[in-house]
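Q: A single structure is presented below for examination.
The values are calculated or read from the model by the stated rules, or taken from the named source; none is laboratory data. Remember, predicted model here, so these are calculated numbers, not experimental data. Positions of Cβ are generated from backbone atoms using ideal geometry, with glycine treated the same way; all protein chains shown enter the neighbour counts.
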There are 2 protein chains.
Amino acid sequence: MSVERSIAIFSPGLLGGSLAKTIQQRMPGVEVRVWARRDEAVEEVRQVLPGVIASKDISAVMQGVSLAVLCMPIQHMPDIARQMALCELAEDLIVTDVGSVKGGVVSELEAIFLPTKAAFLGSHPMAGSQRTGLANARGDLFHQAACILTPTAHTRPEHLARLRMFWVKLGCRMQEMTPQQHDHCVARVSHLPHAMAVLTTLAALSKDTRVLDSSAGGFRDTTRVAGGDPAMWAGIFMQNRAEVMAALQDASSVLREFLEMLESMDEEALRRFLAQAKALRDLLPAV
Amino acid sequence: MSVERSIAIFSPGLLGGSLAKTIQQRMPGVEVRVWARRDEAVEEVRQVLPGVIASKDISAVMQGVSLAVLCMPIQHMPDIARQMALCELAEDLIVTDVGSVKGGVVSELEAIFLPTKAAFLGSHPMAGSQRTGLANARGDLFHQAACILTPTAHTRPEHLARLRMFWVKLGCRMQEMTPQQHDHCVARVSHLPHAMAVLTTLAALSKDTRVLDSSAGGFRDTTRVAGGDPAMWAGIFMQNRAEVMAALQDASSVLREFLEMLESMDEEALRRFLAQAKALRDLLPAV
């Protein structure tokens, strides 16, 4: 049994679609509604997600729901949230999101819902794929994914407990931190690796793509995420600009160190440098 | 039926051990011999690879073999090759290797065997794993792996044809290029990605390893190869120093570009930059 009656998902992309599928599988009896901006998207939801109520009418979708999840690109969230705040909202409504950056957007969204009956509380389920769109939605996308909740001084403990329970039911491993800690953390373990995969791809292939014929698993894995959606990632990098720049400056420093060891042919120092990276990488449990 | 009678493998690590297993599976009737430096390694080969003749006596191992494969770290190859060249060698012997760098080592090894009955011809099967050692040897390690042969002006066409046939039987997709082209190519698609995985790991985790709790598949894949053997990779980077430095300098330039776009908040330029990387990465066929 879930305490949620009815859940509204805003925008049926990879995350929204996967969320809808997973709720249907893991929370039987809970109504799932999906809002989409365009008629064709509403139609696609009806075909791909049978049993889901799809509509482009925000106030109809919001009617009586106990949980609403914003799944569109971060930059579009405040606009939709303001329209949601004008609707008739249930007393127990929690609004959350799945955005990859929290610093600016959590305070903006929180402020939008403060004067209403509803409360905003940020979520970031760290699930995704370089394959975007509803067509790639999967019912197991959240299985064992880390999910970070970002409560603030305004967050009520019962809302935190309910939202935590929601994500746990979908299969997530939960963490809690401030929006600022979140942005620092994901800059290091998500945004930096993405940027580095992009830089590796460009440095490897820009001059001559024929070298690709000799590539193996190392190139494939190291660059996988560079296949992600450019518009979405440009938005993420800009939203988390300060933390991403700090991480890239650290990467630039170690790159200079690496080049100096090669320049001076200091194989012993290079070995220690590689051993330090291996010791850190080995902290990650094997799958 | 294979044209090879008996194949000698020098050093039973991940590659040597996997080679022995794969030959046993795919070339029935061909004798497999493994040379190891230490008594304990000889003993381990006998336990892990039943049916293989293991010894630390180079001349006994070389007696009558038609193919010998050097599988030790590159820096140790010339020393062992000089000892092999002093043995009684079969008329039709081809000596090859599995080293990741070809420029310096191919000419050195070729020169060692030029005065003998045998011929050296370089191979680089692009198979491997961050898990090293005989214990991780697999009979499918070479399946669908790219394998680069590096013939020179001294290479006889019938040797090239025989060595090509050998690797094809083990499951490899073959390419041919000069040792210099090889080193350029692998610097871009193998050594650069490895260096970038190391830099990503250090920049992400050096200051605070707790961010690892929030990591997901992107971090895991982008940094996977940073778990590789530090001594082996320090050797590879030093051997291919000039090409690796050129690739890392290109990476440094694109990193500067990335930082400038963030600095100037030019989201449109960043989107084009990411789209260019995606277009290049998408050239790699999906698995």
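Q: Looking at region A:54-88, which of its residues are buried (at least 20 other Cβ atoms within 10 Å of the Cβ) and in contact with a Gly (Cβ under 9 Å, 6 or more places away or on another chain)?
A: The answer is A:Val69, A:Leu70, A:Cys71, A:Met72, A:Ile74, A:Met77.
Q: Now for a separate question. Take B:Val189 and tell me if it is buried (at least 24 other Cβ atoms within 10 Å of the Cβ), more than 20 Å from A:Arg210 (Cβ to Cβ) and either in contact with a helix residue (DSSP H, G or I) (Cβ under 7 Å, 6 or more places away or on another chain) or among the charged types (D, E, K, R) (or both). Full working, then the answer.
A: Numbers: buried (at least 24 other Cβ atoms within 10 Å of the Cβ): yes; more than 20 Å from A:Arg210 (Cβ to Cβ): no; either in contact with a helix residue (DSSP H, G or I) (Cβ under 7 Å, 6 or more places away or on another chain) or among the charged types (D, E, K, R) (or both): yes.
When the stated conditions are applied, B:Val189 does not pass them.
Q: Within region A:197-217, can one find any residue that is basic (Lys, Arg), without any contact (Cβ under 8 Å) to a residue 12 or more places away in the chain and not assigned by TED's automatic domain parsing to the domain that holds A:Gln24?
A: Keep residues of region A:197-217 that are basic (Lys, Arg), which gives A:207, A:210.
Filter once more, keeping what is without any contact (Cβ under 8 Å) to a residue 12 or more places away in the chain: A:207, A:210.
If we keep only those that are not assigned by TED's automatic domain parsing to the domain that holds A:Gln24 too, we end up with A:207, A:210.
Within region A:197-217 (the criterion being basic (Lys, Arg), without any contact (Cβ under 8 Å) to a residue 12 or more places away in the chain and not assigned by TED's automatic domain parsing to the domain that holds A:Gln24), the answer is yes, since at least one residue qualifies.
Q: Hey, another quick one. Contact list please: Cβ distance under 7 Å, first residue in region B:260-287 and within 7 Å of chain A (Cβ to nearest Cβ) and under 18 Å from A:Val244 (Cβ atoms), second residue surrounded by 20 or more Cβ atoms within 10 Å (Cβ to Cβ) and among the hydroxyl-bearing types (Ser, Thr, Tyr), pairs at least six apart or on different chains.
A: Qualifying pairs under 7 Å: B:Ala277/A:Thr201.
Q: How many residues does region A:229-242 hold that are under 16 Å from the mean Cα position of the chain (by Cα) and more than 7 Å from chain B (Cβ to nearest Cβ)?
A: Counting residues in region A:229-242 that are under 16 Å from the mean Cα position of the chain (by Cα) and more than 7 Å from chain B (Cβ to nearest Cβ) gives 6.
Q: Still on this model: Among what's in region A:199-224 and is part of a helix (DSSP H, G or I) and more than 7 Å from chain B (Cβ to nearest Cβ), pick the residue that is modelled with the highest pLDDT.
A: So, considering only residues that are part of a helix (DSSP H, G or I) and more than 7 Å from chain B (Cβ to nearest Cβ), the one modelled with the highest pLDDT is A:Arg210.
Q: While we're looking at this one, here's another question. For region B:49-70, name all the residues that are over 24 Å from B:Met126 (Cα atoms) and touching a residue at least 60 places away in the same chain (Cβ under 8 Å).
A: Hit for region B:49-70 is B:Val65, nothing else.
Q: Does B:Arg46 count as in the same structural domain as B:Thr150 (by TED's automatic domain parsing), under 23 Å from B:Asn136 (Cβ atoms), assigned to a helix (DSSP H, G or I) and without any contact (Cβ under 8 Å) to a residue 60 or more places away in the chain?
A: Numbers: in the same structural domain as B:Thr150 (by TED's automatic domain parsing): yes; under 23 Å from B:Asn136 (Cβ atoms): yes; assigned to a helix (DSSP H, G or I): yes; without any contact (Cβ under 8 Å) to a residue 60 or more places away in the chain: yes.
Here the answer is yes, as B:Arg46 does meet what is asked.
Q: Another question about this same structure. When region A:162-210 is examined, which residues are found to be over 30 Å from A:Asp92 (Cα atoms), among the small types (Gly, Ala, Ser) and more than 14 Å from the chain's Cα centre (by Cα)?
A: Once the filter is applied, which keeps residues that are over 30 Å from A:Asp92 (Cα atoms), among the small types (Gly, Ala, Ser) and more than 14 Å from the chain's Cα centre (by Cα), region A:162-210 yields A:Ala195, A:Ala197, A:Ala203, A:Ala204, A:Ser206.
Q: Is it true that B:Phe219 is within 30 Å of A:Cys172 (Cα to Cα), out of contact with any His (no Cβ under 9 Å at 6 or more places or on another chain) and aromatic (Phe, Trp, Tyr)?
A: It is true that B:Phe219 is within 30 Å of A:Cys172 (Cα to Cα), out of contact with any His (no Cβ under 9 Å at 6 or more places or on another chain) and aromatic (Phe, Trp, Tyr).
Q: Something else now. Go through B:Ser59, B:Ser66, B:Ser55 for me and flag whichever is closer than 19 Å to B:Leu163 by Cβ and of a type in the set (S, T, N, Q).
A: Working: B:Ser59 fails: closer than 19 Å to B:Leu163 by Cβ; B:Ser55 fails: closer than 19 Å to B:Leu163 by Cβ.
Answer to the check: B:Ser66.
Q: Taking A:Phe237 as the residue in question, decide whether it is of a type outside the set (Gly, Ala, Ser), touching a helix residue (DSSP H, G or I) at 6+ places or on another chain (Cβ under 6 Å) and closer than 15 Å to B:Ser264 by Cα.
A: yes
Q: Within region A:6-16, track down each residue that is over 15 Å from A:Val95 (Cβ atoms) and touching a strand residue (DSSP E or B) at 6+ places or on another chain (Cβ under 8 Å).
A: A:Pro12, A:Leu15
Q: Can you give me the ranges of the strands (runs of 3 or more DSSP E) entirely in region A:71-183 with at least 1 residues that are within 14 Å of another protein chain (Cβ to nearest Cβ), within 19 Å of A:Val225 (Cα to Cα) and in contact (Cβ under 8 Å) with a residue 40 or more places away in the chain? Don't jump to the end; show me each part of the working.
A: Details: elements: A:94-97, A:122-125, A:146-150, A:173-176.
It comes to A:122-125.
Q: Something else: For residues that are over 17 Å from B:Ser215 (Cα atoms) and surrounded by fewer than 19 Cβ atoms within 10 Å (Cβ to Cβ), tally how many sit in region A:165-177.
A: Matching residues across region A:165-177 total 3.
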